[in-house]
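What follows is one structure encoded as structure tokens, with my remarks underneath.
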Amino acid sequence: MFTIDLADQRAVVTGSSTGIGRATAIMFAEAGADVGIHYAENEKEAEQTAAEVRARGRRAALVRGDFREPKVAGRAVTDAIDQLGGSLDILVNNAGSVLKRVPFDEMESELWDDVINLNLTSVFHATRAALPRFSAGARIVNISSLAALNGGGLHAFAYAASKGGLISLTRSLAKELAPRGIRVNAVAPGVTATPFHERFSTPELLEKVRQSLPLRRLGTPEDCAAAVLYLVSRMGTHITGEVVEVNGGEHFG
């Protein structure tokens with residue numbers, strides 16, 4: 001009988017002050033893991049995530065860093081690992097954002113660079129920093145997006161491109177790291193009720209999407225966190241290089 005038991009394991013979840021990252025951190029703690037919690041700006045929300053982890057009897061390490069400066073990602077992950085005790089079992093690369101919806105012919109190169117750095121290049125730096133600190137059988141889960149598969153919403157082409165690149169990186173790393181016993185997978189959420197969509201989508205658009213879904217509801221952070229939890233658990237030991245879509249039937253890839 002398989003059970004989800006992460007007792008005494010150490011995980012780092014980037015972008016975990018709210019939304020999918022927070023839900024993942026809490027689920028990891030409920031399964032017995034200590035969690036490194038990363039945030040960029042919202043210290044109050046990150047402290048709340050840490051409090052939820054500690055309320056479940058686990059350690060929480062809090063680190064800050066703006067991943068639009070990609071090398072910051074490596075330093076943040078290293079700092080979290082040091083606080084947790086020196087080695088790492090699970091890395092969830094979740095930090096990301098559209099930043100701003102801009103028509104293609106109005107996109108400035110600086111904004112393009114920020115989006116790519118935040119959503120893709122930072123994953124390279126975070127993963128590279130974690131690699132020498134991974135324990136045997138370590139797992140990586142990258143949070144991509146439905147945008148990687150369908151091109152994304154209006155004026156979100158840079159975000160879609162970055163998340164598409166993240167899927168390719170996931171599959172390449174799965175091949176490269178398999179001989180070391182490290183599994184690498186991705187979760188691609190559809191429209192999920194998080195602060196992300198409170199900022200970048202209107203209530204009217206969200207309702208339109210909801211009505212179009214076969215399951216007739218938007219995703220929740222917990223829906224996505226559950227997929228992550230499955231992938232890092234014993235139940236997912238023969239899964240690597242996979243992209244798990246969590247979108248209520250919005251897309252059949």
Exercise for review: Inspect region 149-162 for any residue being at pLDDT 95 or above, in contact with a Lys or Arg (Cβ under 9 Å, 6 or more places away or on another chain) and not in a helix (DSSP H, G or I) and give the result as yes or no.
Suggested key: no
Review point. What residue, among those in region 96-107 that are in contact (Cβ under 8 Å) with a residue 40 or more places away in the chain and over 17 Å from GLY164 (Cβ atoms), is surrounded by the most Cβ atoms within 10 Å (Cβ to Cβ)?
Key: VAL102
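Here is a yes/no grid of residues against (1) crowded, with 17+ Cβ neighbours inside 10 Å; (2) modelled with pLDDT under 95; (3) more than 23 Å from VAL63 (Cα to Cα):
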residue: GLN83; (1), (2), (3): yes, no, no
residue: LEU91; (1), (2), (3): yes, no, no
residue: SER109; (1), (2), (3): no, no, yes
residue: LEU120; (1), (2), (3): yes, no, no
residue: PRO132; (1), (2), (3): no, no, no
Practice item. Could you tell me whether region 96-114 includes any residue that is assigned to a helix (DSSP H, G or I) and within 17 Å of the chain's Cα centre (by Cα)? Key: no
Check your understanding: Of all residues in region 154-166, which are over 12 Å from ASN93 (Cβ atoms) and either aromatic (Phe, Trp, Tyr) or in contact with a Ser or Thr (Cβ under 6 Å, 6 or more places away or on another chain) (or both)?
Key -> PHE157, TYR159
Exercise for review: Considering each residue of region 223-238, count those that are within 12 Å of the chain's Cα centre (by Cα) and over 13 Å from ALA31 (Cβ atoms), and give that number.
Suggested key: 2
Review point. What residue, among those in region 1-57 that are modelled with pLDDT under 95 and β-branched (Val, Ile, Thr), is surrounded by the fewest Cβ atoms within 10 Å (Cβ to Cβ)?
Key: THR3
Review point. Of all residues in region 134-147, which are of a type in the set (A, V, I, L, M, F, W, C), touching a helix residue (DSSP H, G or I) at 6+ places or on another chain (Cβ under 7 Å) and modelled with pLDDT of 95 or more?
Key: ILE140, VAL141, ILE143
Exercise for review: Could you tell me whether region 176-194 includes any residue that is among the small types (Gly, Ala, Ser), part of a loop (DSSP other than H, G, I, E, B), at pLDDT below 95 and within 25 Å of ARG216 (Cα to Cα)?
Suggested key: yes
Practice item. Could you tell me whether any residue of region 224-238 is in a loop (DSSP other than H, G, I, E, B), in contact with a Leu (Cβ under 7 Å, 6 or more places away or on another chain) and either free of Cβ contacts under 8 Å to residues at least 12 places away in the same chain or within 15 Å of ALA188 (Cβ to Cβ) (or both)? Key: no
**Study point:** Residues satisfying the stated conditions in region 13-35, i.e. of a type outside the set (A, V, I, L, M, F, W, C) and within 14 Å of VAL141 (Cβ to Cβ)
**Key:** THR14, GLY15, SER16, GLY21, THR24
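The values are calculated or read from the model by the stated rules, or taken from the named source; none is laboratory data. In this text, all values refer to a predicted model and were calculated from it rather than measured experimentally. So basically every Cβ, Gly included, is an ideal-geometry build from the backbone, and we count neighbours across all protein chains shown.
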